[in-house]
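No value in this document is a laboratory result; all are computed from the given coordinates. Treat the numbers as computed from the prediction; the structure is a model and nothing was measured. Every residue, glycine as well, gets a Cβ built from its backbone with ideal geometry; the counts of neighbours run over all protein chains shown.
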């Protein structure tokens, strides 16, 4: 969507050092957004994202912080607001997976996934929301997953977190709609990232057989949807979940 212009807006993208988050950060910058690039464990990759944005003529800020913890999440938001004086867009993308069958899943596997994928989105949204409500405008986009809708063997923790994110999206959307703040979720299917690339050829073929479009998605499929949901054209869309899965769960 090259025609969408979001110039003047400020965004925070969590988990933006690599994968889908990095592509979202770069795409928002292409649309004219000043971007806070949050990361936790990949400083070199995050610095590369920031450098690429600045080299292309955009503005970006490197923001380290574990968004699953209250004080770092609060500081992450404050750093962005301190730099640019406002915040307009929050993309809750930070996430991890600890895949195991339920009978082999330990408490740490469960807790860590819930903390990062769900609690992190709650904390960042809570700290960003006062700014959006005060200026009576803003966009929150939560990166969920089709797994949160359909479930998946070996991912009970991940599916629970992503399903929780959908419920969170719909509830908060109702709370803030009167303040011209929209809250939506994207539910990607199998997107070509490190996790998909590690699959065996047999596993890839099995998955592809379930996707009507016959291909895996790419991170740009997700980033373009983010840009649309942050645009004026999506100003009357809130509380929605957009699946980006090539028709897999249609």
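Quick notes on this structure:
- Fewest-first sequence of 183, 50 by Cβ atoms within 10 Å of each Cβ: 50, 183
- 10 Å binning of all Cα-Cα separations within the chain, expressed as whole percents from 0 upward: 8, 33, 38, 18, 3, 0
- Share of pairwise Cα-Cα distances greater than 20 Å in segment 164-250 is 45 percent (whole percent).
- Packing-based exposure ordering (other Cβ within 10 Å, fewest first) of 118, 61, 28, 101: 101, 61, 118, 28
- Here the label points at residue 206 and residue 7, each 7 Å from Cα along the C-beta direction, are separated by 5.1 nm in the simple model.
- Neighbour counts of C-beta atoms inside 10 Å place 158, 236, 39 in the sequence 236, 158, 39, starting with the fewest.
- Listed residues 182, 107, 76, most fluctuating in the chain (Gaussian network, C-alpha, under 10 Å): 107
- For segment 12-33 versus segment 181-206, the inter-centroid distance based on Cα atoms is 17 Å.
- Take the Cβ atoms of residue 103 and residue 249, set R0 to 30 Å, and the FRET efficiency comes out at 0.70.
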